[in-house]
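For reference, the structure is listed below as structure tokens.
Throughout, read-outs are computed from the coordinates displayed, never taken from laboratory work. Since the structure is predicted, the reported quantities are computational estimates derived from the model, not experimental observations. For neighbour counting, all protein chains shown are included, and Cβ atoms are generated from backbone atoms with ideal geometry for every residue, glycine included.
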Amino acid sequence: MLPISNVDDATKVIHAGIPEDAHGAVIPPIYQTSTFKFKNVDHGAQLFAGKTEGFIYTRMRNPTIEAMEDSVAALEGGYKALGCASGMAAVHTIFFALLGQGDHVICSEAVYGPTTTLLKMMSAKYGVEVDFVDTSHAENVRTAIKPNTKLVFVETPSNPTVLVSDLEEIAFIAHRNGAQLAVDNTFSSPILQKPLAWGADIVMHSMTKFLNGHADVVAGIIVVNDEKQYDLFRNVLNQLGGVIDPFNSFLVHRGIKTLALRMERHCENAQRIAEWLERHPKVDWVHFPGLPSHPQYEIAQKQMDGPGGVIAFELKGGLNAGKTVMNRVKLCQLAVSLGGVETLIQHPASMTHASMGPELRQQSRITDGLVRISVGIENVGDLIADLDQALAAA
Ligand code: LCS
């Protein structure tokens, strides 16, 4: 393994998680195998007993998956990481590992829709107590916390409202009350935000987004701080079965090589577009952490190394005007997901956050007219020209 602990992220994305290879391969090979041969019965027994180092079965461990996991763990400054089949598999594994009957969880009210839905399911099926609060005001976490609160789950910036929550403050509140803080860091990637450094205990990503960056893989990851936590999550993930596969791990690890470069361009392009939207006469409001008008601009400045690539905005004409823009864009593509090299535009109320239901959407300020753009790395002039012609029709 190359010495990567004291180097910049731009170096880590290239070199972290690259093991020495018997043949000198510069890129870790894809171990596209479900299972690994034992030398003899005793060797198999030793592996199962954890008394010797090695691989058994890909749901448990696989070298290609571990190479990618080591890369993300290094970028997040964590102990180790666990690749999952999707971001939702990562969310499920965290909830299942940490929450049981009678436990209480506090979750940001603005999160990816299915995270809300999953917690509501766990509440109905397993008796987990759930409170959705606006974590962009940390005092709401303080108010909601109870003696049985086991977990605070924060998404920052939030999907789709792009609100920012103060990780340092929330970690302090959670820990003082014996709860753990898990952070969905999907919108920032570890290049722009490192929640563990602000006190979080667990970080997760939908790697479908910026980490892979090329809109061709569905995957997730959990990063933990210590061995005890790692053993717990690895055991739970192994039983739940939501593991990533070697080929997708290879693709994500390949995508990560350009993560630092891509994030730079995502931030630059999105900043330009957010400023342009904010000046546009047809735009009612814009949420983007790089705008001084953002309600948590100061917190974003403190904990993020860049504003990211996702913008939420609403037109003065509300839903109908938003629909016109989404139907008229030519270069920006009307599709859900985010964090890829291509610019995507979508309507959260009818798409990514439809499953939340109107009540929780209203509480979470996901208005019917809110439009979300994930700004890609195309030429920003071309993107603005496309949005300009679409807005002209609104
Ligand atoms: N967390 C966040 C913040 C997300 O944006 C998503 C997916 C997930 C978790 C779940 O990850 P997945 O299982 O899809 O890998 N967000 C999506 C979105 O905004 N549009 O489509 C998917």
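Treating the angle as unsigned and between 0 and 90°, give the value, to the nearest 10°, between the Cα long axis of helix 318-328 and the longest Cα principal axis of the chain.
The two axes meet at around 70 degrees.
Say the cut-off is 26 Å between C-alpha atoms; which of K37/K209; K282/K330; K125/K228; K209/K257; K80/K150 go over it? Kindly include the intermediate steps, with their values, before the conclusion.
Values: K37/K209 35 Å; K282/K330 19 Å; K125/K228 28 Å; K209/K257 14 Å; K80/K150 22 Å.
In this structure, K37/K209; K125/K228 lie more than 26 Å apart at Cα.
Residue by residue, what Karplus-based ³J(HN,Hα) values in Hz, rounded to whole numbers, does the stretch 125-132 have, using 6.51, -1.76 and 1.60 with θ = phi - 60° and x for Gly and Pro?
Taking θ as phi minus 60°, the curve returns 8, 10, x, 7, 8, 10, 10, 9 Hz for the stretch 125-132.
Apply the Karplus curve 6.51 cos²θ - 1.76 cosθ + 1.60, θ = phi - 60°, to the phi angles in the stretch 258-264 and return the couplings in whole Hz, x for Gly and Pro.
Here the 3J(HN,Hα) series is 9, 4, 4, 5, 5, 4, 4 Hz.
What is the Cα radius of gyration of the chain over 2.2 N^0.38 Å, N being its residue count?
This ratio for the chain stands at 0.99.
For the stretch 107-117, just list the computed ³J(HN,Hα) in residue order, Karplus coefficients 6.51, -1.76 and 1.60, θ = phi - 60°, integers in Hz, with x standing in for Gly and Pro.
Here the 3J(HN,Hα) series is 10, 3, 6, 9, 9, 3, x, x, 5, 4, 4 Hz.
With angles folded into 0 to 90 degrees, how steeply does helix 63-76 sit against the dominant principal axis of the chain? Use alpha carbons for both and round to 10.
For helix 63-76, the angle is close to 50 degrees.
Taking the 0 to 90 degree range and rounding to the nearest ten, how far is the long axis of helix 87-98 tilted relative to the main principal axis of the chain, both from C-alpha atoms?
Rounded to the nearest ten degrees, it is 60.
In Å³ and rounded to a whole number, note down the convex hull volume per residue for the Cα atoms of the stretch 43-157.
Enclosed volume per residue, from the Cα hull, is 150 Å³.
Using a 10 Å cut-off around each Cβ, can you sort C107, C84 from fewest to most neighbouring Cβ atoms? It would help to have the intermediate numbers written out before the result.
Numbers: C107 24, C84 28.
Ordered from fewest to most neighbouring Cβ atoms within 10 Å, C107, C84 come out as C107, C84.
Long-range amide H contacts for D184: which residues qualify at under 5 Å (H placed 1.01 Å from N, peptide plane, sequence gap of 5 or more or a different chain)?
V154, E155, T156, M204
Which percent, nearest 5, of DSSP beta bridges in the chain are antiparallel?
Details: 24 of 43 bridges.
Antiparallel bridges make up about 55 percent of those DSSP assigns within the chain.
Going by how many other Cβ atoms sit within 10 Å of their own, how do R328, R361 line up, fewest first?
Lowest count first: R328, R361.
Per residue of the chain, what 222 nm ellipticity follows from adding -39500 (n - 2.57) for every DSSP H run with n ≥ 4, rounded to the nearest 500?
-12000 deg cm²/dmol
Quick check: pseudo-label points 7 Å beyond the Cα along Cα→Cβ at Q389 and F48, how many nm apart are they?
Those two pseudo-labels are separated by 6.5 nm.
Please compute the net charge surrounding D226, taking Lys and Arg as +1 and Asp and Glu as -1 over other residues with Cβ under 15 Å from its Cβ.
Overall, the nearby charge balance is -1.
I'd like to compare 249-259, 94-104: which one has the highest average count of other Cβ atoms within 10 Å, and what's the full order after that?
249-259, 94-104
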